[in-house]
Amino acid sequence: MRLRASRSARGVVIILVSLTLTLTAPAAAQAETFFVNKAGSGEACTEVAPCEAISTALVAARAAPGTGDEIQVGPGLYVERVVVDDEQDAGLTLRGASRGADVTKTPAGATTVRSPESNKGAVIAVSTGSGVSIEDLRVEVPSEFVNTAGIELAAPTATIRNAHVQSAGDSATEGVFLATTATNANVLGSRVRQLGVTPGLKIFGSGATVADSDVRATNVAVDTEFSGTEAHVLRSRLEGGSTVVTVRTAEVVIDSSLILGGSFGVEVFSNSGARQAILSNDTIDAGVPKVEDGGDSATRARAEGGAMASVALANSIAMERQEVEGSATASVTCTSSMVNLQAEAVAAGTVSCDAKGGNAFAPVSSLFVPGNDWHLPPGSPAVDSGLGGDSLSGTDLDGATRIADGNGDGIATIDRGAYELPVQPPQAAFTAPTATPSNAFKFRKLKRNKGSGTAKLQVEIPGPGRLVLFGKKVKKFIRDARGAGTFGLKVIPKHKLANELRSKGTVRMSVRVKFTPTGGIADTRSKALKLIHR
């Protein structure tokens, strides 16, 4: 007679078999922690006997089974290159004791890594192993070094967190370089200080996220390239000397960020395919801080060779003009933003930043708090005046709640710009200036210096403010006036025009003059001139 096991018996058998398999299966390797200290001398890099060099800890970690290890590095200066290039390095966390203060010199108490020699590659290079994280340390590139980036990520899903990169090198010494293979990389809560000629942060890999970071560079702060690259920049301060952000890639989204300095705040360029920058809840102040610089641009879209370049601003504050350039399709579109309505366009380009898009312009004195600060005061026209729903970020550049009832009307509405004004008590109300100073001005006599080929254009203004003379063929000249009167603006031809003037003896050209009354709205006019050189 054949016996059949009951359902309950079969369940017991299955459980016993499962337990047997579990007990006999090899245990997964546990991630380990290795220790580095300047006073260490060990080889196993244990907490009791730490090793002296980060490279020694890497060897020890690779010898241990499994991945996902952590290397903890104590404070001090480590003069070595850290090369993460083994599959065993996957999931590795390299953690320092502190990134230190934001200073040029090496701070005490920080974990600092500096390359021992130039032209040998990045100080910290991650080329193999996904999910590597570089945290809580400082990286230095000395002056005159070449081909020595601060941190270079070339592996996927790598992260830089709470780091400081101080680079003063020459060519190919970016502060942080995200290579094409560094897909979905993250730069979080970090500082980059690039004193050399190369970008502070160069992004080639697709899917990068830069958040809560501070990137400042002598030249370009953030440079994105390659057609398929996409990047998000959230709640970050970006400051550059020429162009702050260059976009030569499919799409870059910048949200709740402060973009300062440079002749151009954000430039999108394309000579193949479509490139775009999407800016939401950003504050852009190109050129001199808190001054509407006539020769500078908050954004520029530039396209050549049948390509497309576009910039879209929403709920943002742009202190300077919006500009398009090139022979192909270029466009700048503004929605619900505080913008200077002066625009420069070419036949193939369009600038749509007028009042039809809910855009407006207000004097700087009413937009921001005084000084070198871009926070909004109570009563600022940027408070509770945004449209189009939430920003990408739930918080502003300070980490404060993004949508608050800043004007006290009982309705919480998003502010324009990088900062959100918190709910204000009634007694803290701010009254914006009611009287707008006159921006009318008159051209007076042109005084020529025939010996040098220069001139002085006399301009009469009704009150204090700033006069700026500029043009494509002349050098920019700025003059601040403390009160009403007639002031001379120097007309100095640039090199090409100066040569033409010396050759011909006379040239006709035009300049532009912009007058911004203190606390008022700027007015710009053109003036035709004749220069003589004898």
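Below are the figures for this structure:
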| read-out | value |
| --- | --- |
| Amide H within-cut-off set for A404, under 5 Å, with H built and near neighbours excluded | T413, D415 |
| Counting DSSP beta bridges with both ends in the chain, the antiparallel % (nearest 5) | 25 |
| Where only alpha carbons of region 40-186 are counted, the Rg and the Dmax (Å) | 14.3, 42 |
| Phi to ³J(HN,Hα) by Karplus 6.51 cos²θ - 1.76 cosθ + 1.60 over region 239-247, Hz, x for Gly, Pro | 9, x, x, 10, 10, 6, 10, 10, 10 |
| Shape metrics for region 409-515, restricted to C-alpha atoms - Rg then Dmax, Å | 21.6, 69 |
| Cα-Cα separations in the chain greater than 33 Å, expressed as whole percent | 52 |
| Karplus 3J(HN,Hα) series, Hz, for region 100-106 with 6.51 cos²θ - 1.76 cosθ + 1.60 (x for Gly, Pro) | x, 6, 7, 9, 6, 6, 5 |
| Rounded to whole Hz, the Karplus (6.51, -1.76, 1.60) HN-Hα couplings of region 199-204, x for glycine and proline | x, x, 9, 10, 10, 10 |
| Long-range HN-HN contacts of V210 with modeled amide H, under 5 Å | V187, H232, V233, L234 |
| Those residues of region 375-419 whose amide nitrogen sits under 18 Å from the label point placed on S352, 7 Å along Cα→Cβ | 387-389 |
| Lysines with Cα under 16 Å of K445, excluding same-chain neighbours fewer than 8 positions away | K456, K490, K527, K530 |
| Cut-off under 5 Å, modelled amide H: who pairs with S190 long-range | N162, A163, S213, D214 |
| Largest-first ellipsoid semi-axes for region 226-304, taking √(5λ) over the Cα gyration tensor eigenvalues, angstrom | 21, 15, 9 |
| Over 28 Å (Cα to Cα) - which of K447/K496; K290/K450; K202/K356; K105/K476 fall in this group | K290/K450; K202/K356; K105/K476 |
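None of the figures in this text is laboratory data; all of them are computed from the coordinates on show. If you're wondering where the values come from, they're calculated on a predicted model, not measured in any experiment. Because the Cβ atoms are built from the backbone with ideal geometry, glycine has one as well, and the counts that use them run over all protein chains shown.
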